[in-house]
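Just below is one structure, and these are the notes that go with it.
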Amino acid sequence: MPVNLKGRSFLTLKDFSPKAIHYLIALSKDLKSKYRAGIKGDLLKDKNVVLIFDKASTRTRCAFEMGASQEGAYVTFLSNSQMGKKESVEDTAEVLGRYYDGIEYRGFKQSLIQDLAKHSGVPVWNGLTDEFHPTQILADLLTIQEHIFKPFEDIKVVFVGDARNNMGNSWMIACAKLGMHFVGLAPKSLWPNPKLVKEMQALAKETGGKVEITSDIDKGVKGADVIYTDVWVSMGEESKFPERIKLLKPYQVNLKMLHKSKNPHVRFMHCLPAFHDTKTEVGKQIYKKFGIKEMEVTDEVFRSRHSIVFDEAENRLHTIKAVMVATIGNV
């Protein structure tokens with residue numbers, strides 16, 4: 001059933017009802033089917049969007065650019081802007097809102113993107129902040145729907161590693177919203193904000209879901225349908241590699257962990273990029289300094305039949321397109 005999201009910003013899944021989230025997933029699925037059938041879209045015809053990136057990106061930038069282009073929109077990639085330097089966020093938002101129909105921002109503070117949305121007068125989309133990564137979660141949910149043939153409320157998702165990061169937060173919110181079983185599996189020092197946990201546990205009681213936080217690996221992964229992890233050190237925190245490697249090495253996703261799920265069909269997911277080998281500059285530096293070739297996930301798991309990471313990455317395109325279509329589209 002369609003939900004009217006016209007004019008809405010997409011900053012965090014906390015702002016959206018379960019019905020709206022289901023609608024965005026269904027719209028993504030429909031747009032993906034049309035794209036694969038070679039049907040050219042025009043749902044963003046004559047729309048103009050601007051993309052602002054304060055953090056590096058592969059999938060998010062490409063998905064926004066390609067998604068907009070495929071539906072007929074014009075895209076500006078804004079680099080070296082004066083925002084926050086010679087011009088305030090508020091003033092920048094006022095200007096961009098007069099030029100564009102929608103604004104994407106990927107960066108650090110959630111408060112910055114909230115200010116963009118407050119002052120621009122047009123929908124603003126969160127491409128990633130320190131607190132939340134909602135477009136990634138939509139892609140993950142679509143991918144789960146394609147690979148795990150159970151209703152969301154029967155699915156257990158275990159997020160392993162730094163459970164306080166934007167992906168841990170976003171998964172906890174998504175599971176609470178959709179009545180899923182969420183487990184944040186991490187050492188206690190990396191547990192999520194207690195206030196957010198309490199809020200999502202209360203919401204989960206209403207939706208039939210469950211939110212758990214634990215450091216017990218055996219207990220955490222038992223019965224998992226999805227084991228999800230992310231990098232041990234987020235962008236801008238590179239100085240923390242020594243302490244994080246020591247802290248999180250026991251939480252590396254490997255075949256032993258997957259077997260502990262007791263589910264032969266358990267799926268492995270990761271938002272990417274992943275440090276599963278030494279074929280990157282960072283991977284080589286870590287191996288040279290710490291003597292480890294794999295970090296949050298082993299290469300064996302990453303390339304295994306359990307892994308659906310590239311289907312997940314592909315779905316960034318279709319779900320991001322759906323967010324733009326739903327909020328500024330010609331529908």
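Looking only at the range 6-27, which residues are assigned to a helix (DSSP H, G or I) and under 18 Å from residue 111 (Cα atoms)?
We begin by selecting, within the range 6-27, every residue assigned to a helix (DSSP H, G or I); these are 13-15, 18-27.
Residues satisfying the conditions are 13, 14, 15.
Considering the range 206-309, there are no qualifying strands (runs of 3 or more DSSP E) wholly inside with 3 or more residues that are among the acidic types (Asp, Glu) and outside the structural domain of residue 186 (by TED's automatic domain parsing).
With respect to the conditions (1) in contact with a strand residue (DSSP E or B) (Cβ under 6 Å, 6 or more places away or on another chain); (2) surrounded by 14 or more Cβ atoms within 10 Å (Cβ to Cβ), residue 3 falls short on a single one, namely (1). For the range 253-282, the set of residues classified as touching a strand residue (DSSP E or B) at 6+ places or on another chain (Cβ under 7 Å), closer than 22 Å to residue 166 by Cβ and either among the polar types (S, T, N, Q) or without any contact (Cβ under 8 Å) to a residue 60 or more places away in the chain (or both) consists of 268, 270, 274, 276, listed by residue number. Inclusion of residue 323 among residues that are among the hydrophobic types (A, V, I, L, M, F, W, C), outside any helix (DSSP H, G or I) and more than 30 Å from residue 216 (Cβ to Cβ) is not warranted. Determine, yes or no, whether residue 69 is in a helix (DSSP H, G or I), polar (S, T, N, Q) and free of Cβ contacts under 8 Å to residues at least 40 places away in the same chain. Yes; evaluated as a whole, the condition is true for this residue.
In the range 28-47, which residue that is in a loop (DSSP other than H, G, I, E, B) and of a type in the set (Lys, Arg) is nearest to the chain's Cα centre (by Cα)?
At the first step, the residues of the range 28-47 found to be in a loop (DSSP other than H, G, I, E, B) are 37-47.
Now restrict to residues that are of a type in the set (Lys, Arg): 40, 45, 47.
Numbers: 40: 27, 45: 27, 47: 25 Å.
Among residues in the range 28-47 that are in a loop (DSSP other than H, G, I, E, B) and of a type in the set (Lys, Arg), the one nearest to the chain's Cα centre (by Cα) is 47.
Take the residues in the range 187-205 that are assigned to a loop (DSSP other than H, G, I, E, B) and in contact with a helix residue (DSSP H, G or I) (Cβ under 7 Å, 6 or more places away or on another chain); name whichever of them is surrounded by the most Cβ atoms within 10 Å (Cβ to Cβ). Talk me through it step by step, then tell me what you get.
Taking the range 187-205 first, the residues assigned to a loop (DSSP other than H, G, I, E, B) are 187, 191-193.
Still in the list and also in contact with a helix residue (DSSP H, G or I) (Cβ under 7 Å, 6 or more places away or on another chain): 187, 192.
Numbers: 187: 14, 192: 21.
Filtering the range 187-205 for residues that are assigned to a loop (DSSP other than H, G, I, E, B) and in contact with a helix residue (DSSP H, G or I) (Cβ under 7 Å, 6 or more places away or on another chain), the one surrounded by the most Cβ atoms within 10 Å (Cβ to Cβ) comes out as 192.
Against the list (1) in contact (Cβ under 8 Å) with a residue 60 or more places away in the chain; (2) in contact with a Gly (Cβ under 9 Å, 6 or more places away or on another chain), the condition residue 110 fails is (2). State all residues of the range 259-279 that are over 22 Å from the mean Cα position of the chain (by Cα) and surrounded by 12 or more Cβ atoms within 10 Å (Cβ to Cβ); if no residue qualifies, say none. Within the range 259-279, 259, 260, 261, 263, 277, 278 meet the criteria.
Can you pull out the residues in the range 50-78 that are among the small types (Gly, Ala, Ser) and more than 15 Å from residue 322 (Cα to Cα)? Write out each step before concluding.
Keep residues of the range 50-78 that are among the small types (Gly, Ala, Ser), which gives 56-57, 63, 67-69, 72-73.
If the condition is that a residue be among the small types (Gly, Ala, Ser) and more than 15 Å from residue 322 (Cα to Cα), then 56, 57 are the ones that fit.
Could you list, in sequence order, the residues of the range 23-58 that are within 27 Å of residue 151 (Cα to Cα), crowded, with 18+ Cβ neighbours inside 10 Å and not aromatic (Phe, Trp, Tyr)? Within the range 23-58, 24, 25, 27, 28, 31, 32 meet the criteria.
Which residues, taken from the range 34-73, are out of contact with any helix residue (DSSP H, G or I) (no Cβ under 9 Å at 6 or more places or on another chain) and within 18 Å of residue 143 (Cα to Cα)? Result: 34, 36.
The values are calculated or read from the model by the stated rules, or taken from the named source; none is laboratory data. On a predicted model such as this, the values are computed, not experimentally measured, just so you know. Ideal geometry is used to build each Cβ from the backbone, glycine not excepted, and the neighbour counts take in all protein chains shown.
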